[in-house]
Amino acid sequence: MKTVQTKNVDQEAIEIVNRYLTLGEDIYEYLNVLKHQIIQKKESNDPNQNLEAEHDEELLAAVKKYWKEGQQL
């Protein structure tokens, strides 16, 4: 069963970044886990996994962008 995504990538990334900024934690461990998940999903022959990998790549880029912006505040 496919889940419906109600948030866009930017909204999701902003929530993730805000959570890490609020907790005062380093986001780089999360980014490394996400990168690893992307690699695993791309290596899969499952089309759904490949779609998830594309979403995760967009999320990764957005999180990096908003993290950099948040660090400049």
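The values are calculated or read from the model by the stated rules, or taken from the named source; none is laboratory data. Computed from a predicted model, the values in this text were never measured in an experiment. Neighbour counts run over all protein chains shown; Cβ positions are idealised from the backbone, glycine included. All accessible areas refer to the heavy atoms of the entire protein, side chains included, with ligands and DNA or RNA removed. Shrake-Rupley method; radii C 1.70, N 1.55, O 1.52, S 1.80 Å.
Numbers for the structure displayed
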read-out	value
Candidate set: region 22-52, residues that are closer than 20 Å to Gln11 by Cβ and among the hydrophobic types (A, V, I, L, M, F, W, C); chosen: the one surrounded by the most Cβ atoms within 10 Å (Cβ to Cβ)	Ile27
Residues satisfying the stated conditions in region 32-60, i.e. of a type in the set (D, E, K, R), over 10 Å from the mean Cα position of the chain (by Cα) and assigned to a helix (DSSP H, G or I)	Lys41, Lys42, Glu43, Glu52, Glu54
Any chance Leu60 is modelled with pLDDT of 95 or more and open to solvent by less than 70 Å² (accessible area, probe 1.4 Å)	yes
Tally, over region 30-54, of residues that are under 17 Å from Lys68 (Cβ atoms) and among the charged types (D, E, K, R)	1
Close pairs from region 52-68: first without any contact (Cβ under 8 Å) to a residue 60 or more places away in the chain, partner open to solvent by 90 Å² or more (accessible area, probe 1.4 Å), Cβ under 7 Å, at least 6 apart	Ala53/Lys42
Members of region 61-73 found to be of a type outside the set (A, V, I, L, M) and assigned to a helix (DSSP H, G or I), listed by number	Lys64, Lys65, Tyr66, Trp67, Lys68, Glu69, Gly70, Gln71
